[in-house]
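The next block holds one structure in the form of structure tokens; read it before the comments.
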Amino acid sequence: MPDLWDIIVVGGGTAGLPAATFAARRGAKVLVIEAAPVIGGTTQISTGQLSAAGSRLQVNTGVTDTPDLHFDDVIRISKNTCDPMLVRLAVDNAADTLDWLMDSGFTPLDNHPVLGKAHEPYSVERYCWGKDGGVSILEAIQPPYEAEVAKGGATTMLDTVVTDLIEEAGAIVGVVAKGLDGIATEYRGRNILLTTGGYASNGEMFEAINGYKQYTAEAYPYALGQGVTLAESAGGQMRGAEKYYCSFGSVMESSAIPSKVLARPNHWPEQRAPWEVYVNVHGERFIAEDNPSVDVREHALLKQPDLRYWIIFDQHIAETAPVIFIEWTREKMMEAFANEELFYSADTLAELATAAGIDGTNLEKSIADYNAALGGDDPLGRQHRPAPVVKPPFYAVRAQGASITSIAGLNVDASLRVLDKAGNPIPNLFAAGEILGSGQTMGEASVGGMMVTPALTFGRMLGDSMLSWTDEKAAAAE
Ligand SMILES: Cc1cc2nc3c(=O)[nH]c(=O)nc-3n(C[C@H](O)[C@H](O)[C@H](O)COP(=O)(O)OP(=O)(O)OC[C@H]3O[C@@H](n4cnc5c(N)ncnc54)[C@H](O)[C@@H]3O)c2cc1C
């Protein structure tokens, strides 16, 4: 092993692997230190939905698009809460990333690109993913990386956790890492790149930073926020916690925090118009259940206690409506009321409220008001109201809003150098990926593809051009 690496990549995932690959192609000696027993990071579990304007995919499918349009869409969807500098950097270079992925074997689904519906839609079709989600991305980025390993440009250390940064004369000159044997070893480098992902699997840090509990256990288990701690120890600064937002909710396996997802309600009215009524813990409705904007629905849930709501319906709806849970049969849904903790049924609304832990008086009033308004206007403006909620038994299912990503992240400049509290770059320290915080590229919203694509893009750009390992830098580090 060299005494001095050109680049030490801390975290061999979505951002780290492209960084290592492109730097090694330019002749750098790259060490990738990875905490997990495998490389790939969150690509192994991510939905892997990408967005890129002006890509070959769009050109070949006749979609006219530009990075400017992409930029405007991100500003619109995020309501101008993102970091325009990082969004600009991401969207201006996203097409090259997607083209590279496709050159490396990534195949988008047949009818792609699409507008995207899971989140607030784009204005043109620029959204795509492969048949295996994030794994389709990994299958494209891993072989080029392994090719550089085979050529000797890159070296992988698995099962090894970076625990400290080495600082000398105000510059970061290396890292301390521990393997499975627990022995701390120093590795020296001219550039230290933090691509450790976010903190969404560290409940304590998540709550301390975001002010919300981490309800979901669906993030990558190694997203423990260690990179954040490393950067802060060197003077790095976090920002963006105020941009916290949540999804519109899933039904968790249990009331444990965090918990895995048991069922995903189809709450997209354009896919399945709602039959049910949604109430918060106070038994009050808080949104027109068929509001067409996913962003409006998510922000309405953000204001509810514990980011939680209950899906209320009756026997008639249970028997008649299309099943609300994605890929569930009616039989499976009805069995859940006998077996699952967060599914409740009772003969009266008052008993249902007691069982579900919500305010019974208000629930009765909310349902009575909903039913009474069926002949006229709904108080919240809901349009699709196919049936009253009157026929016992009554049902309630508890849904939980949550975020699988880390909202806050490190402050960096346009060269992805980590900045200290005074706004000055910390010499030799760079960062890319979710460690920058989803709030920077998506703002206080979910903007399609604006996590995976910037992570890949920033990693690629760092390796391809932003990082340097000149003689002066070498001399400074030695
Ligand atoms: C279920 C799910 C679905 C998603 N779907 C989408 C989507 O469709 N579109 C989208 O844009 N975004 C999506 N995201 C978000 C996106 O996937 C991530 O933000 C992105 O992949 C993170 O990339 P990264 O390189 O920062 O982190 P990762 O890919 O997680 O890589 C970080 C690596 O660092 C390692 N590491 C951590 N700490 C240390 C340490 N101390 N020492 C050494 N190594 C360390 C980790 O083990 C990991 O391998 C999704 C996220 C999840 C969880």
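So the values come out like this:
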item	result
Residue match in the stretch 289-304 (condition: of a type in the set (A, V, I, L, M), within 19 Å of Y395 (Cβ to Cβ) and touching a residue at least 12 places away in the same chain (Cβ under 8 Å))	no
Only one of D92, D96, D110 that is without any contact (Cβ under 8 Å) to a residue 12 or more places away in the chain and over 20 Å from the mean Cα position of the chain (by Cα)	D110
Residue that is farthest from G174 (Cα to Cα) [pool: residues in the stretch 207-252 that are charged (D, E, K, R) and within 14 Å of the ligand (Cβ to nearest atom)]	E218
Enumerated helices (runs of 4 or more DSSP H) restricted to the stretch 1-114, each holding at least 2 residues that are open to solvent by 60 Å² or more (accessible area, probe 1.4 Å)	56-60, 67-77, 84-103
Any hit, the stretch 153-169, residues being more than 11 Å from the ligand (Cβ to nearest atom), open to solvent by 20 Å² or more (accessible area, probe 1.4 Å), part of a helix (DSSP H, G or I) and out of contact with any Asp or Glu (no Cβ under 6 Å at 6 or more places or on another chain)	no
Residue ranges of helices (runs of 4 or more DSSP H) in the stretch 363-478 with at least 2 members hydrophobic (A, V, I, L, M, F, W, C) and away from the ligand (no atom under 16 Å from the Cβ)	471-477
Of all residues in the stretch 121-146 being in a loop (DSSP other than H, G, I, E, B) and within 14 Å of the ligand (Cβ to nearest atom), the one that is most open to solvent (accessible area, probe 1.4 Å)	K131
Flag if G211 is at negative phi and not assigned by TED's automatic domain parsing to the domain that holds K303	no
The stretch 341-362, subset part of a helix (DSSP H, G or I) and out of contact with any strand residue (DSSP E or B) (no Cβ under 6 Å at 6 or more places or on another chain), residue surrounded by the fewest Cβ atoms within 10 Å (Cβ to Cβ)	T361
Residues satisfying the stated conditions in the stretch 264-300, i.e. among the hydroxyl-bearing types (S, T, Y) and in contact with a Phe, Trp or Tyr (Cβ under 6 Å, 6 or more places away or on another chain)	Y278
Members of the stretch 9-30 found to be near the ligand (Cβ under 7 Å from one of its atoms) and among the polar types (S, T, N, Q), listed by number	T14
Lone unmet requirement of (1) more than 16 Å from the ligand (Cβ to nearest atom); (2) farther than 25 Å from H112 by Cα; (3) out of contact with any Phe, Trp or Tyr (no Cβ under 8 Å at 6 or more places or on another chain); (4) of a type outside the set (S, T, Y) for D6	(3)
Residues of the stretch 31-51 satisfying the condition of being near the ligand (Cβ under 6 Å from one of its atoms), touching a strand residue (DSSP E or B) at 6+ places or on another chain (Cβ under 7 Å) and closer than 15 Å to M157 by Cβ	I33, E34, A35
Members of the stretch 230-241 found to be in contact (Cβ under 8 Å) with a residue 24 or more places away in the chain and outside any loop (DSSP other than H, G, I, E, B), listed by number	L230, A231, S233, G236, M238, R239, A241
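Per-residue answers, yes or no, for (1) open to solvent by 40 Å² or more (accessible area, probe 1.4 Å); (2) of a type outside the set (F, W, Y); (3) in a loop (DSSP other than H, G, I, E, B); (4) modelled with pLDDT of 95 or more:
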{"residue": "V173", "(1), (2), (3), (4)": "no, yes, no, yes"}
{"residue": "A177", "(1), (2), (3), (4)": "no, yes, no, yes"}
{"residue": "T185", "(1), (2), (3), (4)": "yes, yes, no, yes"}
{"residue": "A208", "(1), (2), (3), (4)": "yes, yes, no, yes"}
{"residue": "Y222", "(1), (2), (3), (4)": "yes, no, yes, yes"}
{"residue": "G227", "(1), (2), (3), (4)": "no, yes, no, yes"}
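The values are calculated or read from the model by the stated rules, or taken from the named source; none is laboratory data. Note that the structure is a prediction, hence the values are computed from the model and not measured. Because the Cβ atoms are built from the backbone with ideal geometry, glycine has one as well, and the counts that use them run over all protein chains shown. Areas reflect the complete protein model, heavy atoms only, side chains present, ligands, DNA and RNA absent. Shrake-Rupley method; radii C 1.70, N 1.55, O 1.52, S 1.80 Å.
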